[in-house]
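Report on one structure; see the data block that follows.
Nothing in this text is a laboratory measurement; each read-out follows from the coordinates by a stated rule. Keep in mind that what you see is a predicted model, and the values were worked out from it rather than measured. No Cβ is skipped: glycine too gets one built from the backbone with ideal geometry, and neighbour counts run over all protein chains shown.
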Amino acid sequence: MATDKCKNTVLHRAAANGSLNVMKYLINHHHCDPMATNNEGETVLQYAATLPATYNNSPDVIKHLINECHCDPMAVDKRGWTPLHTATDYGCSEAIECLLSTGKCDPLAKDNKGRTPLQLAKNKKQR
């Protein structure tokens, strides 16, 4: 599968843009890997968690990746961040709610610096 210089796949980009139909097409017809990671270890699911639902249909993409593609919502990147850490850092409340509603995310998971998603949110608010 083709990637950019950061090893993002077209599926990473489709997820970040909330393009659920494009994602389904790529997965079903071009066998794109929904569990692909880029140079930083970021998953397609993490990219889906980066934009608010008002900008795209992030919750639908997140649900599809977890429920239909069996993506692991506890997969971590090189920083030790889960998709919940990423959604929290980006301030995407809809994505946070969606991830937590799956019951498959640990809100107390710590990154490589020992920070939970809640601590990231608190630090972001203080900036």
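Please report how many Lys pairs in the chain have alpha carbons closer than 13 angstrom, counting only residues at least 8 apart along the chain or sitting on separate chains. Intermediate results must be reported in sequence, preceding the final value.
Working: LYS24/LYS63; LYS63/LYS104; LYS78/LYS110; LYS78/LYS113.
Qualifying lysine pairs in the chain: 4.
Order the peptides 64-71, 76-83 from the highest to the lowest mean number of other Cβ atoms within 10 Å of their residues.
For the peptides 64-71, 76-83, the packing ranking is 76-83, 64-71.
Give the Debye-formula value of log10 I(q)/I(0) at each listed q (0.17, 0.20 Å⁻¹), with one equal scatterer per alpha carbon of the chain, two decimals each.
The computed values of log10 I(q)/I(0) come out as -0.79, -1.09.
What is the distance, in nm, between label points placed 7 Å from the Cα along the Cα-to-Cβ direction at HIS30 and at ARG13?
0.9 nm
When the dipole is taken about the Cα centre of the range 10-126, and only Lys, Arg (+1) and Asp, Glu (-1) are charged at their Cβ, what size is it in debye, to the nearest 20?
Numbers: 12 positive and 12 negative charges, 79 e Å.
The dipole magnitude comes to about 380 debye.
Go through ALA48, LEU20, VAL61 and say which Cα lies farthest out towards the positive end of the charge dipole of the range 10-126; charges sit on Cβ, +1 for Lys and Arg, -1 for Asp and Glu.
It is ALA48.
Mind sorting MET1, MET35, MET23 by how few other Cβ atoms lie within 10 Å of their own Cβ, fewest first?
So the ranking, lowest neighbour count to highest, is MET1, MET35, MET23.
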